[in-house]
Amino acid sequence: ELSELCDTNAVTLIMVGDRTQPWNKPLALNIGIRATRPELPFLMTMDADMILAPNFLAVVLDRLQTEPPALVLCRIADLPQHASLPSNCETLMESFERFHAMTRLRPCTGTGGIQAARRSFFFDIRGYDEDLLWWGAMDGDMVNRARLAGFEIEWIESRTAMLHQWHQRKYTV
């Protein structure tokens with residue numbers, strides 16, 4: 001299903017990992033980062049279960065194009081379990097504000113929903129630490145390394161939103 005969706009939208013699907021092994025998110029992110037074209041000035045990593053506001057990418061890009069350099073983050077707005085999302089993307093975008101009104105905003109401790117910065121930053125620091133497998137550890141490490149590199153940490157949820165689709169937690173299955 002995902003392969004067909006990628007083909008329809010001219011997107012490259014890179015499959016990482018082995019279903020018999022534990023998931024290594026930092027490894028998957030690094031493979032994706034290395035697969036990007038060198039001429040791209042910026043990169044954004046994000047979880048696949050996010051719904052971005054219609055203005056989201058414009059807000060991220062606007063901040064990345066200004067000085068000083070920044071690691072751009074956005075607090076996650078969790079949708080409730082009962083939120084019934086339309087399957088049509090256009091309808092979803094038209095209803096975005098209604099869904100946003102249903103959400104609960106997470107605290108600033110969760111920094112991995114999206115992380116965007118200059119592409120060169122991700123290569124200069126040699127990507128995500130693949131030994132940090134615990135949920136969120138690699139994200140906090142990335143924030144620390146951005147600060148050490150002199151980047152500002154910029155939260156953008158006052159100008160846009162990112163909705164997290166409800167799904168059963170892995171550890172409760």
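Computed quantities for the displayed model
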{"item": "Of residues in segment 147-173 being in a helix (DSSP H, G or I) and modelled with pLDDT of 85 or more, the one surrounded by the most Cβ atoms within 10 Å (Cβ to Cβ)", "result": "R147"}
{"item": "Given (1) under 15 Å from the mean Cα position of the chain (by Cα); (2) surrounded by 14 or more Cβ atoms within 10 Å (Cβ to Cβ); (3) not acidic (D, E), number of the condition T103 does not satisfy", "result": "(1)"}
{"item": "Counted residues, segment 52-104 - those being among the polar types (S, T, N, Q) and within 13 Å of T160 (Cα to Cα)", "result": "1"}
{"item": "Residue check for R34: at pLDDT 95 or above, surrounded by 11 or more Cβ atoms within 10 Å (Cβ to Cβ), farther than 19 Å from W155 by Cβ and among the basic types (K, R)", "result": "yes"}
{"item": "Any hit, segment 115-126, residues being over 17 Å from the mean Cα position of the chain (by Cα), open to solvent by 80 Å² or more (accessible area, probe 1.4 Å), farther than 19 Å from P41 by Cα and without any contact (Cβ under 8 Å) to a residue 40 or more places away in the chain", "result": "no"}
{"item": "Hits in segment 12-23 - residues which are open to solvent by less than 90 Å² (accessible area, probe 1.4 Å) and in contact with a helix residue (DSSP H, G or I) (Cβ under 8 Å, 6 or more places away or on another chain)", "result": "L13, I14, V16, G17"}
{"item": "Inter-residue pairs, beta-carbon under 8 Å, first buried (at least 17 other Cβ atoms within 10 Å of the Cβ) and in segment 130-144, second in a helix (DSSP H, G or I), 6+ apart", "result": "L132/P26; L132/M138; L132/D141; M138/K25; M138/P26; M138/L29"}
{"item": "Which listed residue, of P80, P69, P54, P41, is exposed (fewer than 14 other Cβ atoms within 10 Å of the Cβ), farther than 25 Å from Q168 by Cα and touching a Phe, Trp or Tyr at 6+ places or on another chain (Cβ under 8 Å)", "result": "P54"}
{"item": "Residue check for A28: in contact with a Gly (Cβ under 9 Å, 6 or more places away or on another chain), without any contact (Cβ under 8 Å) to a residue 24 or more places away in the chain and open to solvent by less than 80 Å² (accessible area, probe 1.4 Å)", "result": "yes"}
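The values are calculated or read from the model by the stated rules, or taken from the named source; none is laboratory data. The structure presented is a predicted model; accordingly, all values stated were derived computationally and were not measured. Cβ coordinates were reconstructed from backbone atoms using ideal geometry, including for glycine residues, and neighbour counts include every protein chain displayed. Note: areas computed on protein heavy atoms with side chains; ligands, DNA, RNA excluded. Shrake-Rupley method; radii C 1.70, N 1.55, O 1.52, S 1.80 Å.
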